[in-house]
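The values are calculated or read from the model by the stated rules, or taken from the named source; none is laboratory data. In this text the structure is predicted, and so the values were computed from the model without any measurement. All Cβ positions, glycine included, derive from the backbone under ideal geometry; neighbour counts span all protein chains shown. To get the accessible areas, we keep the full protein, side chains included, count just its heavy atoms, and leave off ligands, DNA and RNA. Shrake-Rupley method; radii C 1.70, N 1.55, O 1.52, S 1.80 Å.
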Amino acid sequence: MKLQQLRYIWEVARHDLNVSATAQSLYTSQPGVSKQIRLLEDELGVEVFARSGKHLTHVTPAGEKIIALAGEVLNQTLNIKRVAKEFSDERKGSLDIATTHTQARYALPKVINQFIDGYPEVTLHMHQGTPMQIAEMANDGVVDFAIATEALELFGNLVMLPCYTWNRSVVVPKDHPLAKVDKLTLQALADYPIVTYVFGFTGRSQLDQAFQDAELEPNVVFTAADSDVIKTYVRLGLGVGIVASMAYDELQDMDLVALDASHLFEDSCTKIGIRSNTFIRGYMYKFIESFAPHLTKDVVMAAMEAGNRQDVELLFKDIELPRH
């Protein structure tokens with residue numbers, strides 16, 4: 001059994017059983033990947049993948065368990081490399097982050113700028129996607145950690161570190177009738193077409209829950225993953241926008257009015273999700289603390305060593321999170 005073979009079955013599973021795409025991503029040949037998978041299956045005496053002719057159709061029950069274990073082995077080999085690098089040169093390496101547009105555009109620029117200044121020899125890669133996609137990346141070890149509000153809790157292998165709480169604003173053109181109301185109500189919002197985030201994005205679940213609890217049906221006419229896209233369509237008159245308050249820029253959005261909606265919706269919490277048993281290098285701790293100052297190295301280490309999510313939550317029970 002070779003590490004290369006374990007990597008091949010892991011990557012084939014990640015690429016939806018597409019051997020050609022897997023070979024391309026690994027800079028090798030399709031026949032080479034297929035041959036090594038067959039050799040591994042022959043050695044183990046079970047099939048990892050079921051086949052129809054030359055095509056892989058699905059992962060077998062045995063294959064599911066083998067691939068999961070292969071992922072753990074590959075993650076530990078990565079940790080071994082990180083340990084070696086930490087002791088050979090603690091200021092060189094790479095950092096892969098997965099996050100959503102709102103975090104990348106509004107929450108992270110200052111942190112990343114400071115990090116690059118402090119660690120010029122660390123290569124920083126940012127991956128963007130839906131909360132589900134970026135949580136999967138962290139869970140699978142494709143990235144070092146994910147920063148998101150939704151979906152992280154769906155993956156039991158992720159340790160979730162709360163970073164900050166936030167709420168929403170309603171953005172409308174200056175001449176819109178809502179710009180003149182003293183205090184927003186859900187009923188007033190329900191009277192207008194709404195432009196907001198795609199379901200599963202940036203605290204959308206709290207928005208839907210608030211209308212449901214009030215027995216109101218919001219007229220959501222357009223959804224997007226990108227706060228700037230939402231504001232663009234508000235400007236076009238498609239509807240009133242509901243966005244994270246941090247996504248309103250007083251200089252760039254001078255033509256819009258931001259109306260506080262924090263009394264209408266429950267707060268959301270943005271978290272960092274890190275795969276359990278990950279070896280965190282020194283500069284990774286620095287990045288986390290720069291993003292969320294209460295997440296010091298000692299606090300993060302305690303969270304990573306905690307036995308379960310309930311223990312992690314207890315660590316933060318008495319910590320007042322910053323608000324964005």
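Things to note:
- Dipole size of region 168-260 about its Cα centre, with +1 on Lys/Arg Cβ and -1 on Asp/Glu Cβ: approximately 80 debye, rounded to the nearest 20.
- Taking GluC sites (Glu not before Pro) across region 212-270, the ones in a DSSP loop with at most 12 further Cβ atoms lying within 10 angstrom of their Cβ are 215, 250.
- Folded to 0 to 90 degrees: helix 204-213 orientation relative to the chain principal axis, Cα: 50 degrees
- Surface share of carbon and sulfur [accessible, 1.4 angstrom probe, percent] for the chain: 52 percent
- Charge dipole of the chain about the Cα centre (unit charges at C-beta), most positive-ward option of 244, 134, 195: 134
- Based on alpha carbons, the Rg and Dmax found for region 220-324 are 18.5, 51 Å.
- Eigen-decomposition of the gyration tensor built on the alpha-carbon atoms of region 3-83 gives equivalent ellipsoid semi-axes of 20, 15, 11 angstrom, largest listed first.
- Value of [θ]222 nm, deg cm²/dmol, for the chain, DSSP H segments ≥ 4, -39500 (n - 2.57) each, nearest 500: -12000 deg cm²/dmol
- Cα Rg, Dmax, the chain, angstrom units: 22.9, 73
- Only the Cβ atoms of Lys and Arg (+1) and of Asp and Glu (-1) were treated as charged; on that basis the dipole of the chain about its Cα centre amounts to roughly 1040 debye.
- Summing Lys and Arg as +1 and Asp and Glu as -1 over all other residues whose Cβ lies under 15 Å from the Cβ of residue 83 gives a net charge of +1.
- For the chain, the longest principal axis of the Cα atoms and the long axis of helix 109-118 meet at an angle of about 50 degrees.
- Diagonalising the gyration tensor over the Cα atoms of region 168-260 and scaling each eigenvalue by 5 before taking the square root yields semi-axes of 19, 16, 12 Å, largest first.
- Cα lying deepest toward the dipole's positive end in the chain, options 173, 68, 56, charges on Cβ: 56
- Taking a Cβ cut-off of under 11 Å around residue 123, the surrounding Lys, Arg, Asp and Glu residues balance to a net charge of -1, with basic ones at +1 and acidic ones at -1.
- Cβ-placed point charges (K, R +1; D, E -1), dipole of region 3-83 about Cα centre in debye, nearest 20: 240 debye
- Pairs of Lys residues in region 1-132 that lie 8 or more places apart, or on two chains, and have C-alpha atoms under 29 angstrom apart add up to 14.
- Tail weight of P(r) past 12 Å, computed on alpha-carbon pairs of region 230-279, percent: 73 percent
- Of the trypsin sites (Lys or Arg not before Pro) found in region 71-101, those in coil by DSSP whose Cβ has at most 15 other Cβ atoms within 10 Å are 91, 92.
- Residue-normalised accessible area of region 168-260, expressed per residue, 1.4 Å probe, Å²: 49 Å²
- Unit charges at the beta carbon, dipole of the chain: most positive-side option, 102, 256, 30: 30
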